[in-house]
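Okay, structure first, notes after.
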Amino acid sequence: MENEPSLSGEEIKERVLKKFEEYKGLSHLENYAMFMGKAQLLEMALKSLLTRKYNVPEESMERWTLGRVKNELRDKGLRPDFIAFLERVVDHRNYIAHEFLANNAITRSMANFSDRKLYGDLFRATYELEQVIILYDWCEEHNGWDQN
């Protein structure tokens, strides 16, 4: 019996923590920019996947959001475990993009919370985004898009 490639939860955690080295020394605004930039790169990679795997024309996806891309991948039958992780990233991305900075500014004006309290949402969002990127890379490397 051949050994099937696999990726354990512990391996993902180790890889994510290693990726967090890139964030050390960055300001909170720089961490915000890193999250948004990586979310945009993930969106572009997933659009490319739709084109390669499902023949969706690139030009038809020009204005699609990450949420729309996720829905299309789900509807095409991409592995449901990846879609479940991606769903959380979409929710985080929407919050970070549309509410995070304003909410932090309002909170800072009303109370003196610690950075941990103020930026915990960004940390969690970044952690889950890095998980999805690792899963994406693994699925690409091992052609694991159809496996459950």
*Enumeration of residues in the range 1-59 that are among the aromatic types (F, W, Y), out of contact with any Ser or Thr (no Cβ under 6 Å at 6 or more places or on another chain) and touching a residue at least 60 places away in the same chain (Cβ under 8 Å)*: F20, Y23, Y32
_Test: R68 is out of contact with any Phe, Trp or Tyr (no Cβ under 6 Å at 6 or more places or on another chain), within 16 Å of D137 (Cα to Cα) and of a type outside the set (S, T, Y)_ = no
*asked:* Among the residues that make up the range 86-107, is at least one of them over 16 Å from Y136 (Cα atoms), in contact with a Phe, Trp or Tyr (Cβ under 7 Å, 6 or more places away or on another chain) and β-branched (V, I, T)?
replied: yes
*Considering only the range 1-28, state which residues are among the basic types (K, R) and either surrounded by 10 or more Cβ atoms within 10 Å (Cβ to Cβ) or in a helix (DSSP H, G or I) (or both).*
K13, R15, K18, K19
*Mind listing just one residue for me: the one in the range 85-111 that is of a type outside the set (D, E, K, R) and surrounded by fewer than 12 Cβ atoms within 10 Å (Cβ to Cβ) and, of those, modelled with the highest pLDDT?*
H98
*So which residues in the range 59-70 are within 21 Å of R93 (Cβ to Cβ) and not aromatic (F, W, Y)?*
M61, E62, R63, T65, L66, G67, R68, V69, K70
*Pick from K38, K76, K70, K47: which is over 21 Å from T126 (Cα atoms) and not acidic (D, E)?*
K76
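So that you can scan it fast, the table gives a plain yes or no per residue for (1) among the hydroxyl-bearing types (S, T, Y); (2) at pLDDT 95 or above:
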{"site": "E4", "(1), (2)": "no, no"}
{"site": "F20", "(1), (2)": "no, no"}
{"site": "Y23", "(1), (2)": "yes, no"}
{"site": "K38", "(1), (2)": "no, yes"}
{"site": "S48", "(1), (2)": "yes, yes"}
{"site": "T51", "(1), (2)": "yes, yes"}
{"site": "P57", "(1), (2)": "no, yes"}
_Filter result for G37 (surrounded by 15 or more Cβ atoms within 10 Å (Cβ to Cβ) and within 16 Å of the chain's Cα centre (by Cα))_ = no
*Would you kindly identify the helices (runs of 4 or more DSSP H) lying entirely within the range 29-148 that contain at least 2 residues that are under 24 Å from G9 (Cβ atoms)?*
66-76, 80-95, 115-142
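The values are calculated or read from the model by the stated rules, or taken from the named source; none is laboratory data. Because the structure is predicted, anything quoted here is derived from the model rather than measured. Note: ideal-geometry Cβ built from the backbone for every residue, glycine included; neighbour counts use all protein chains shown.
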